[in-house]
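Have a look at the structure below, then the notes.
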Amino acid sequence: MKKKSYGYASLGMGLLMFLMLGVNFTSFDVNQGSFIQSHWGISEPIGTLVGLFWVVFFLGAALRFIWDIPLKRIMFICLPSVVGISLLPFILILLHAGEL
């Protein structure tokens, strides 16, 4: 029962962090970057990427603790997510390169 409570806490933290990153990513101001960049001084892609890595970690922990999914299957789910998150800035740059 204690493992399930850890899992639900991890699921809640992952979803909350995902929501906060969405707000961070969309809260650009004039001549200012995102919330992470303006308040903590971390350049923009790094703060969002680290936050998304934490989201993947928390959701993977929730899968393990709540539903007792084997670690091998969690790795098959989380590894492509981490690779996709790492490639996200390059994909966005390539998509918006023609607009400059």
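The values are calculated or read from the model by the stated rules, or taken from the named source; none is laboratory data. Since we're looking at a predicted model, the values are computed, not measured. Note: ideal-geometry Cβ built from the backbone for every residue, glycine included; neighbour counts use all protein chains shown. Note: accessible area is taken over every heavy atom of the protein model, side chains too, but ligands, DNA and RNA are not part of it. Shrake-Rupley method; radii C 1.70, N 1.55, O 1.52, S 1.80 Å.
Phi angles across region 41-54 convert, under the Karplus curve 6.51 cos²θ - 1.76 cosθ + 1.60 with θ = phi - 60°, into 3J(HN,Hα) values of x, 8, 4, 4, x, 5, x, 5, 5, 5, x, 5, 4, 5 Hz, Gly and Pro given as x.
Charges were assigned to the Cβ only: +1 to each Lys and Arg, -1 to each Asp and Glu. The resulting dipole of the chain about its Cα centre is roughly 740 debye.
Multiplying the residue separation of residue 97 and residue 73 by 0.36 nm and removing their Cα-Cα distance gives an extension gain of 5.0 nm. The angle between the Cα long axis of helix 71-96 and the longest principal axis of the Cα atoms of the chain comes to about 10 degrees, rounded to the nearest 10.
Here the chain has an Rg and Dmax of 16.0, 54 Å, counting Cα atoms alone.
Here the accessible area of the chain is 76 percent carbon and sulfur, with a 1.4 angstrom probe and all protein chains present.
Dividing the summed -39500 (n - 2.57) terms of all DSSP H runs of n ≥ 4 by the residue count of the chain sets its mean residue ellipticity at 222 nm at -28000 deg cm²/dmol.
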